[in-house]
Each structure stands twice: as structure tokens, then as C-alpha cells.
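Okay, structure first, notes after.
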Ligand SMILES: [Zn+2]
């Protein structure tokens with residue numbers, strides 16, 4: 001069983017851990033980092049795989 005995390009963008013439990021303190025949401029294709037169980041940064045994942053700041 002993989003544990004899923006709440007995505008700050010879509011609000012679904014669709015995010016999986018991809019690195020230490022780094023998570024990726026499969027619903028909206030964003031990455032976010034968490035510190036002490038709080039979301040600290042959200043990034044868009046561009047088509048080439050690079051990250052840019054998410055603008056809600
Ligand atoms: Zn999401």
C-alpha cells in the first residue's frame with residue numbers, strides 16, 4: 001500500500017512522495033515541498049520536466 005498525501009492545489013489525496021519532503025500530485029501535475037507537515041512551496045512541472053513557481 002502506498003500512502004498518498006493531500007494535494008494543496010486540487011485538495012485530493014493524489015500526491016505521492018518523490019523525494020525527501022517532496023511530493024507530486026498525479027491529478028494536477030504539480031510538485032510541492034512540505035516542512036513539518038505544512039506545504040512550503042508549490043511548483044508547476046513543465047513539459048520538459050523543469051519546475052517553475054506555481055501561480056494559483
Ligand atoms: Zn492536485
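Read the figures in this text as sums done on the coordinates, not as results from a lab. The structure displayed is predicted, hence computed values, not measured ones. Reconstructed Cβ throughout: ideal geometry from the backbone, glycine too, with neighbour counts over all protein chains shown.
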**Prompt:** Among the residues of segment 5-23 satisfying the criterion of being more than 9 Å from the ligand (Cβ to nearest atom) and assigned to a strand (DSSP E or B), which is nearest to the chain's Cα centre (by Cα)?
**Reply:** 23
**Complete:** Log entry, pairs with first residue in segment 10-29 being at positive phi, second being more than 6 Å from the ligand (Cβ to nearest atom), beta carbons closer than 9 Å, six or more apart or on different chains, reads 21/33; 21/34; 21/35; 21/40; 29/44; 29/45
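Being outside any strand (DSSP E or B), loosely packed, with under 14 Cβ neighbours inside 10 Å and in contact with a strand residue (DSSP E or B) (Cβ under 7 Å, 6 or more places away or on another chain) is the filter here, so list the residues in segment 27-56 that pass it. Let's see the steps before the verdict.
Taking segment 27-56 as the starting set, the residues that turn out to be outside any strand (DSSP E or B) are 27-29, 36-37, 46-50, 54-56.
From the residues that got through so far, the ones that are loosely packed, with under 14 Cβ neighbours inside 10 Å too are 27, 29, 36-37, 46-50, 55-56.
29, 46, listed by residue number.
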